[in-house]
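These notes concern the structure reproduced below.
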Amino acid sequence: MPEISEVVAELRSIVSPSAVLTDDDILDAYSHDTWPLSTKQAGLGIHETRPDVVVRIESFDDAAAVFALASTRSIPVTIRALASSVTGQPLPVQGGIILDVSAVPAQYSVNRTNMTVTATASFNGGELERLLEEERLTLGHSPQSLHRSTVGGWVSTLATGQFSSKYGGIEDLLVGCTVILATGETVELKANPRAAMGPDLRQVFIGAEGTLGLVTSVTLKVFRHDLPTELEAFSMPDVQSGLDVLREQSILGLSPFLLRFYDNFEARHVLGDEEFSTPLLFIGVRGPQEMIDAELAILRRLIAERGGESIGSAPVERWMANRFDFSSVENRLAENGGFAETIEVAHNWDGIVPLYEDLRRALSPLAEDVYSHWSHVYPQGTSLYVILKGHAEDDPAAIAAIQTMWSTAMDVCLEHGAELSHHHGGGLARSPYSRASLGSAHIVLQKLKAALDPAGILNPGKLGL
């Protein structure tokens, strides 16, 4: 790579000079996202993933010029927006340029006939949802990071939300997107409402984590927000009975608004009741009242047949009111020696219970609290979300504990043939395991990378690239 002073001078000649940032404190701040490991390193002044320069553009028109310079000079470029990633996607492992797109003005337009919204990729998800709700619409996409993430980030990380059992993940909600390639071309990808002209090219960029191009705008489905919703919580006899309900309702083709199932360890935490001794199931149904009545009747029957008992709607209502609260993890990380981590994976129905049991067995010695829940369900299987919290002697020991938890969890998942990520993506946390996870399919990703980013500048070190 050339001298950084030369790169800075060239960048200031092609974008606004004030957009090019080199102060040490700024570069240190851009060395971190909200991955717990990175958070602990920031507290210790460890900045392993430090850029050489930050370019904070105010128009996507500037991106192609930055890419051209980077390609010519062989300078890595890592795209960053609000940095709410919890696995290190926007952290540069080879220095170079961070292209911060968070300052690009956010615009949107709604097509009520087609029930879509087109928005600038830099749009804050929570703000867009608020504006849509004023029009009695909703994105249907509600990740815990809704108010901390951008719509472009959702596409790049293959995100999903808390109501995926009804609305699906971002791959189901994305109608179209615009992407700037590393080679400077701008491409528009769409399927209105469906297209059979070759492969679905939108899928190339969904979950690519900025390694194949820069998403600049997205068109997403929207839904009515002003529909009746009913919520209910149930105690379940054991983990297997609750998972049986999740599987059966999916096979029957139901689409409840909310499905969340907690093991007995997390159930106590969710309810704030240390005496609660069984797993806990939350359900929610949204739609016309006739549909609500029918779906609730079926769900209640499935639950009752497996020994579940209603405990009313209050626990679910409390969760709904606080579902974006990430403070328990943040507060633990703020403590000297405190650590907390969230690791979500996925597996088929015939493997999910053995995976859960082996993960719990392997991780329990590494943390004081190990909680598990299942919140994204499909006919073939389900996600598994594990939360770990504990205390180490000091922050360096906490970093070592987090690293051990990750390697342990990934090894167990590989042994079971499970998916290493359901919705947090790969980032730095999972990149070392990407090739083993994708197996022979990884060569397809390598060939796409070589074709779309021949200079190899975009977010190197991610997805095993």
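Observations
- Among the residues listed as T39, T22, T34, the single one being of a type in the set (S, T, Y), farther than 28 Å from H147 by Cβ and either crowded, with 19+ Cβ neighbours inside 10 Å or touching a strand residue (DSSP E or B) at 6+ places or on another chain (Cβ under 8 Å) (or both): T22
- Test: residue in segment 162-172 that is surrounded by 20 or more Cβ atoms within 10 Å (Cβ to Cβ) and without any contact (Cβ under 8 Å) to a residue 60 or more places away in the chain: yes
- Taking segment 1-81 as the region of interest, the helices (runs of 4 or more DSSP H) fully inside it that hold 3 or more residues being closer than 30 Å to L333 by Cβ and in contact (Cβ under 8 Å) with a residue 24 or more places away in the chain are 36-43.
- Residue match in segment 126-148 (condition: closer than 30 Å to P454 by Cβ, touching a helix residue (DSSP H, G or I) at 6+ places or on another chain (Cβ under 9 Å) and outside the structural domain of L428 (by TED's automatic domain parsing)): no
- Only one of the listed residues (V110, V104, V77) is closer than 29 Å to N192 by Cα and surrounded by 23 or more Cβ atoms within 10 Å (Cβ to Cβ). That residue is V104.
- Check on A392, at pLDDT 95 or above, more than 29 Å from P76 (Cβ to Cβ), of a type outside the set (V, I, T) and surrounded by 14 or more Cβ atoms within 10 Å (Cβ to Cβ): yes
- Enumeration of residues in segment 281-335 that are charged (D, E, K, R), crowded, with 16+ Cβ neighbours inside 10 Å and touching a Ser or Thr at 6+ places or on another chain (Cβ under 6 Å): R286, R306
- Total residues in segment 374-414 satisfying the condition of being of a type outside the set (A, V, I, L, M) and touching a Ser or Thr at 6+ places or on another chain (Cβ under 7 Å): the figure is 7.
The values are calculated or read from the model by the stated rules, or taken from the named source; none is laboratory data. Note that the structure is predicted; figures quoted are calculated from it, not measured. Ideal geometry is used to build each Cβ from the backbone, glycine not excepted, and the neighbour counts take in all protein chains shown.
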